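The values are calculated or read from the model by the stated rules, or taken from the named source; none is laboratory data. These figures come from a predicted structure and were not determined experimentally. Virtual Cβ from ideal backbone geometry, glycine too; neighbours counted across all protein chains shown.
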């Protein structure tokens, strides 16, 4: 587990399905990250069992309530939406709308960046965001990512595969000099 004063990152468990459905059914959340709003508790439970149970996926727990309020993690090259090398990974995140604008994504991403570089040994981290969701890009910038100047389509997304994303990256050498 990884934590800050306000949040804790831990693996998802089936008991989180109710909270996941509560927040993931919001039509403003999923489409910003490339997935459709959840339609049922059963769908949220299935997402936990299949997608969120993989290595590198953590529930973002709001310590004040103990409730999962989002997800953060990384995808290795074999699962990435981007064409990346084995020494690279793709990072991603989402936070429930009541927690937007509080810096929680940035806190969570800083923990994941540190883990990806110091524990997993990735040389480069990449992330992307839809052009109409610039706040997501600002999260990555606050974590040390820089704009690559590239835009691409992510064909494997459930929603938005026809919308361009901007790609940002963080070089582990730069990260190590800053910390």
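Residues that are surrounded by 16 or more Cβ atoms within 10 Å (Cβ to Cβ) and touching a helix residue (DSSP H, G or I) at 6+ places or on another chain (Cβ under 6 Å) within the stretch 1-15 comprise 2, 7, 9, 12, listed in sequence order. The residues on offer are 71, 105, and the sole one that is surrounded by 14 or more Cβ atoms within 10 Å (Cβ to Cβ), within 15 Å of the chain's Cα centre (by Cα), free of Cβ contacts under 8 Å to residues at least 60 places away in the same chain and assigned to a strand (DSSP E or B) is 71. Only a single criterion out of (1) surrounded by 14 or more Cβ atoms within 10 Å (Cβ to Cβ); (2) more than 25 Å from residue 3 (Cβ to Cβ); (3) modelled with pLDDT of 95 or more is not satisfied by residue 125, namely (2). Of the residues making up the stretch 145-168, just one is modelled with pLDDT of 95 or more, more than 15 Å from residue 84 (Cβ to Cβ) and surrounded by 15 or more Cβ atoms within 10 Å (Cβ to Cβ), namely 166.
Would you please name the residue that is farthest from residue 104 (Cα to Cα), looking only at residues in the stretch 14-49 that are in a loop (DSSP other than H, G, I, E, B) and touching a residue at least 40 places away in the same chain (Cβ under 8 Å)?
Checking each candidate, the answer is 36.
For the stretch 111-179, the strands (runs of 3 or more DSSP E) that sit wholly inside it and include 2 or more residues that are touching a helix residue (DSSP H, G or I) at 6+ places or on another chain (Cβ under 8 Å) and closer than 26 Å to residue 27 by Cα are 124-130, 165-171. The set of residues from the stretch 21-30 being crowded, with 19+ Cβ neighbours inside 10 Å and either within 12 Å of the chain's Cα centre (by Cα) or closer than 16 Å to residue 136 by Cβ (or both) comprises 29, 30. Put simply, of 60, 91 the only residue that is under 22 Å from residue 161 (Cβ atoms) and buried (at least 20 other Cβ atoms within 10 Å of the Cβ) is 91.
Hey, does the stretch 76-84 have a residue that's over 12 Å from the mean Cα position of the chain (by Cα) and part of a helix (DSSP H, G or I)? Taking every residue of the stretch 76-84 in turn, none turns out to be over 12 Å from the mean Cα position of the chain (by Cα) and part of a helix (DSSP H, G or I).
For the criterion of being assigned to a loop (DSSP other than H, G, I, E, B), in contact (Cβ under 8 Å) with a residue 12 or more places away in the chain and at negative phi, residue 64 passes.
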